1. Open to solvent by less than 60 Å² (accessible area, probe 1.4 Å) and within 25 Å of residue 147 (Cβ to Cβ) - does that describe any residue in the range 221-239?
2. If you check 369, 386, which single one turns out to be in contact (Cβ under 8 Å) with a residue 24 or more places away in the chain and touching a strand residue (DSSP E or B) at 6+ places or on another chain (Cβ under 7 Å)?
3. Return yes when residue 428 is open to solvent by less than 50 Å² (accessible area, probe 1.4 Å), in contact with a helix residue (DSSP H, G or I) (Cβ under 9 Å, 6 or more places away or on another chain), closer than 30 Å to residue 60 by Cα and acidic (Asp, Glu) and no when it is not.
4. Residues 248, 263: which one is β-branched (Val, Ile, Thr) and either buried (at least 18 other Cβ atoms within 10 Å of the Cβ) or not in a helix (DSSP H, G or I) (or both)?
5. Kindly provide the set of residues from the range 274-324 that are closer than 19 Å to residue 138 by Cα and open to solvent by 70 Å² or more (accessible area, probe 1.4 Å), ordered by number.
6. What's the number of the condition residue 328 fails, among (1) in a loop (DSSP other than H, G, I, E, B); (2) closer than 19 Å to residue 374 by Cβ?
7. For the range 25-108, list the helices (runs of 4 or more DSSP H) that sit wholly inside it and hold at least 1 residues that are at pLDDT 90 or above; which are they?
8. Evaluate the following for residue 21: is it surrounded by fewer than 21 Cβ atoms within 10 Å (Cβ to Cβ), assigned to a helix (DSSP H, G or I) and free of Cβ contacts under 8 Å to residues at least 60 places away in the same chain?
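The values are calculated or read from the model by the stated rules, or taken from the named source; none is laboratory data. This structure is a prediction, so every number in the text was calculated from the model and none was measured. FYI the Cβ positions are ideal-geometry reconstructions off the backbone, even for glycines, and counts take in every protein chain you see. Surface areas here come from the heavy atoms of the whole protein model, side chains and all, with no ligands, DNA or RNA. Shrake-Rupley method; radii C 1.70, N 1.55, O 1.52, S 1.80 Å.
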Amino acid sequence: MAEKRTSSGLPLLFLLISVLFLHLIICPFAKVEESFNLQATHDILYHRLDFDKYDHHEFPGVVPRTFLGPLLVSALSSPFVFLSTLMDVPKLYSQLLVRASLGACVLGALWHMQREVRRQFGSTVAALFCLICASQFHLMYYSTRTLPNVFALPVGEVSSNFDSLVLLYYYYSTLSSVLLAFTSWMVQNHSSFISLSALVIIVFRSELCIFMGLMLVMSLLSRRLGLLQLLFYAAPAGILSLALTVTVDSLFWRKLLWPEGQVLWYNTILNKSSSWGTSPFLWYFYSSVPRALGCTLLFVPLGLFDRRMKLLLLPTVGFILIYSLLPHKELRFIIYTFPVFNIVAARGCSFIICNYQKSWIYKLGSAVVVGQLLINTAYSSLCLYVSHHNYPGGRGLQELHRLVPATADVFVHIDTFAAETGVSRFLEQNNKWRYDKREDLSPTNPEMKMYSHLLLEANATKMQLLHDTHKPLAFIQGYSNIAFNIFHFPPVIVHLERKAVLMERRTKA
């Protein structure tokens with residue numbers, strides 16, 4: 001019987017794998033928010049103990065980040081990267097392997113979560129949960145992204161027979177970590193829940209103390225967890241997690257450091273994150289959650305008819321509500337909550353599907369359930385197409401390697417716009433070329449003449465200032481806007497425009 005249940009879930013697992021890696025292949029490049037973890041992973045894989053060559057010494061970022069995530073994803077991907085290096089495969093494929101390793105961890109955590117959903121709520125809810133997750137854009141898209149938030153997601157669901165060291169190795173990412181921790185809380189496995197929560201809060205994302213703290217309070221109030229038991233698990237987990245991050249990160253940063261402590265101080269205590277923009281208090285509720293869930297949001301209220309779902313949703317909504325007090329908001333900051341909403345929505349959908357034979361109303365409702373999955377998929381396809389054209393910097397550097405002979409003497413300057421829209425060290429595939437990302441050069445600086453090539457934002461003023469020394473070699477198209485026309489098929493039109501330009505030095509006559 002167990003074998004039958006396992007095999008019946010294989011198509012759903014294959015679906016999740018296919019959708020996740022489709023997002024990865026169509027959008028292979030990374031943006032500025034992902035840069036630290038991605039560059040650090042590159043340096044660990046290629047520079048190893050030669051710390052002087054590490055990117056973070058030259059570009060440390062606003063606040064320091066932990067190296068534990070990059071260390072572990074490097075360990076997971078290193079055998080595959082080693083083989084690709086032996087085969088002389090372009091380094092871009094190493095970037096894909098790194099991100100695929102991260103995605104595999106998130107997918108593993110999601111799959112563990114659905115197994116627990118299957119055990120508690122039945123196979124129909126579990127299947128709908130998988131279909132809903134696969135149909136949504138943001139969850140699948142971010143699952144392979146080397147963001148600090150994604151490095152925290154897999155800690156949500158873990159069984160007690162896992163050794164903590166194995167967990168640390170396999171479920172290193174924040175996203176998968178939160179999923180593992182949440183699943184541990186669902187089964188009331190407090191030792192795993194508290195240990196993983198301590199790890200993810202102290203090492204990766206300190207704001208998750210709100211999410212995990214609310215779950216902890218609920219366990220204490222229900223008397224499923226005692227204070228002494230809490231201290232017994234929390235004290236050693238907290239001390240070990242803090243000692244781990246301070247030891248490792250002090251080595252890489254060359255100073256005594258607790259990275260996430262500095263992030264907490266900078267973003268929350270000093271509220272400096274507001275410098276990157278602010279949003280209204282309810283922005284997560286009227287913008288982020290509806291965009292992330294799509295039509296699935298309609299079925300969340302129906303799922304609350306099952307009282308057990310209220311217990312799952314209470315800490316989730318509470319986390320978003322409390323976290324909304326910080327004025328700087330981004331959708332990725334609450335990505336951990338989307339799978340929980342999906343469980344509740346799947347339960348609501350199952351009420352309709354399981355009563356399909358009862359009346360025409362349920363038959364109509366079942367059609368609506370299928371319809372929302374199709375609409376979500378169509379919306380995800382549009383978002384994926386737009387995202388494909390949202391990395392002009394990465395595509396520009398790739399174009400440079402295609403247009404210029406590998407034997408040429410190339411010294412390329414990459415401006416801030418290009419560096420923030422897809423360029424990473426994994427794209428520096430020619431060891432004889434020189435790549436420079438200096439941020440202190442203006443177009444009128446005489447030093448610009450020393451570069452054989454320039455990868456810049458396609459700004460007419462900048463190009464005019466460089467006209468005497470460099471000429472355009474190629475323009476890179478990028479996303480501009482979306483237009484709707486009901487008389488056109490498809491009715492949605494994505495407009496592109498020149499976003500980046502690749503320039504080469506003029507040869508003297």
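1. Taking every residue of the range 221-239 in turn, at least one turns out to be open to solvent by less than 60 Å² (accessible area, probe 1.4 Å) and within 25 Å of residue 147 (Cβ to Cβ).
2. Answer to the selection: 386.
3. So residue 428 passes the test.
4. Being β-branched (Val, Ile, Thr) and either buried (at least 18 other Cβ atoms within 10 Å of the Cβ) or not in a helix (DSSP H, G or I) (or both) holds for just one of 248, 263, which is 263.
5. Matches in the range 274-324: 286, 291, 298.
6. Checking residue 328 against (1) in a loop (DSSP other than H, G, I, E, B); (2) closer than 19 Å to residue 374 by Cβ, the one that fails is (2).
7. 35-46, 68-86
8. no
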